[in-house]
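Just so it is clear, none of the values below were taken in a lab; they were calculated from the coordinates. This is a predicted model, so every value here is computed, not measured. Virtual Cβ from ideal backbone geometry, glycine too; neighbours counted across all protein chains shown.
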Amino acid sequence: MIDQTNDRKIEHIRAFDVDPDIERNGRYFDRIRLIHRGFPEIDLSAVDTSIEFLGKRLSFPLLISSMTGGNHELVRTINRNLAVAAEHCQVALAVGSQRVMFSDPEAAESFDLRKYAPTTPLIANVGAVQLNYGFSAQQCQAAVDVLQADALYLHLNPLQEAVQPEGDTNFANIARLVADVVANLDVPVLLKEVGSGLMPADIELGLQSGVRHFDVAGTGGTSWSRIEQHRRQSTGDGLGYTFQDWGVPTPVALRMAKPYLDRATLISSGGLRDGIDMVKSVILGASLCGAAAPFLKPAMESAEAVITVIERLRKEFVTAMFLLGMPDVVSLFGNEQLILEER
């Protein structure tokens, strides 16, 4: 029997089919214009896009961000195709929320992905708010174990939960509970917003809890508020539409997080749609760049379709580095001299 959480996962996926405006297309990165070098003084074929993340080598700084999971053939297909593609291209992969596997044990199969991605970084995922609803560090470890993950995302989604008809909205004193998970887990814990942005105050609380990796996940891409609006039609209000663009654009969130680069690793996600957005993110201090929406429909089709999207992003990324005269990602990281203007 498919439980309510499983049903919700499928409803989320189907919402993309009926409402193209879920993808907000903020294009906030377009406000940043980079320099161009007529004399790049490097060989395009020699540009090194590789990085190290969670102790593993990636071909370029791409993370396929969290999407879905559950006891349904569609989500099993999506996650399998994403994992095969991530391994083939040597990029990182984060799964969707694993809460469902604790109410429906058969859903765990959709997160059993290490057999498809034996060497690339995999990131487990649980909603931080669930720590206020009886979720324990032991269950977080179980989520990690199923995936044989290299790290755990604790995602922060207060807006989504506020709009969700059956949302869990007790976010009181969660930082204290996050600290307990960090202390008891055998892999690093990463904090992630889901499309409204992490602020310096959030990073401060995370650092105090022992977290060292932060996915700022700002506005500009998928609106989970608008997705949940499709599930609250019976309420007769438009709460999800009202808040569909609530939050801080990803480039702004990265800038605000810059003072923490000596203590924290930043991940940029939320509205990144091409390799140029990725390059701009690294310039603004991100060590890794996440995207989800561009991979959803290809993942329903095949691993090869996902690989095609990844290779497009990689070509755009390396071309932008070449045109900036940057031979490797280290020279790109935090190098704001490459910014010509911001509008």
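A few comments on the model shown:
- Count of residues meeting criterion [out of contact with any Leu (no Cβ under 7 Å at 6 or more places or on another chain) and over 21 Å from Phe243 (Cα atoms)] in the stretch 161-180: 5
- The set of residues from the stretch 56-80 being closer than 19 Å to Ala291 by Cβ, β-branched (Val, Ile, Thr) and not in a loop (DSSP other than H, G, I, E, B) comprises Ile64, Val75, Ile78.
- Checking Val248, Val279 one by one, the residue that is crowded, with 19+ Cβ neighbours inside 10 Å and touching a residue at least 60 places away in the same chain (Cβ under 8 Å) is Val279 and no other.
- For the stretch 15-55, the set of residues classified as part of a strand (DSSP E or B), closer than 20 Å to Val318 by Cβ and under 18 Å from the mean Cα position of the chain (by Cα) consists of Ile51, Glu52, Phe53, listed by residue number.
- Asp237 satisfies every condition listed in (1) in a loop (DSSP other than H, G, I, E, B); (2) in contact with a His (Cβ under 9 Å, 6 or more places away or on another chain) except (2).
- Pairs are defined by a Cβ separation below 6 Å, a sequence spacing of at least 6 or placement on different chains, a first member in the stretch 41-63 that is within 14 Å of Leu323 (Cα to Cα), and a second member that is aliphatic (A, V, I, L, M) and surrounded by 17 or more Cβ atoms within 10 Å (Cβ to Cβ); the pairs so defined are Val47/Val318; Val47/Met321; Thr49/Val318.
- Scanning the stretch 106-128 for residues that are part of a strand (DSSP E or B) and closer than 14 Å to Ala86 by Cα turns up Leu122, Ile123.
- Condition met for Asp168 (without any contact (Cβ under 8 Å) to a residue 60 or more places away in the chain, surrounded by fewer than 24 Cβ atoms within 10 Å (Cβ to Cβ) and out of contact with any His (no Cβ under 7 Å at 6 or more places or on another chain)): yes
- Subset of the stretch 114-169 (residues that are within 24 Å of Phe214 (Cβ to Cβ) and among the hydroxyl-bearing types (Ser, Thr, Tyr)): Thr120, Tyr133, Ser136, Tyr153, Thr169
- Of note, Phe39 does not satisfy the criterion of being under 26 Å from Gly127 (Cβ atoms) and not aliphatic (A, V, I, L, M).
- Residue match in the stretch 281-291 (condition: closer than 30 Å to Gly210 by Cα, over 13 Å from the mean Cα position of the chain (by Cα), in a helix (DSSP H, G or I) and not hydrophobic (A, V, I, L, M, F, W, C)): yes
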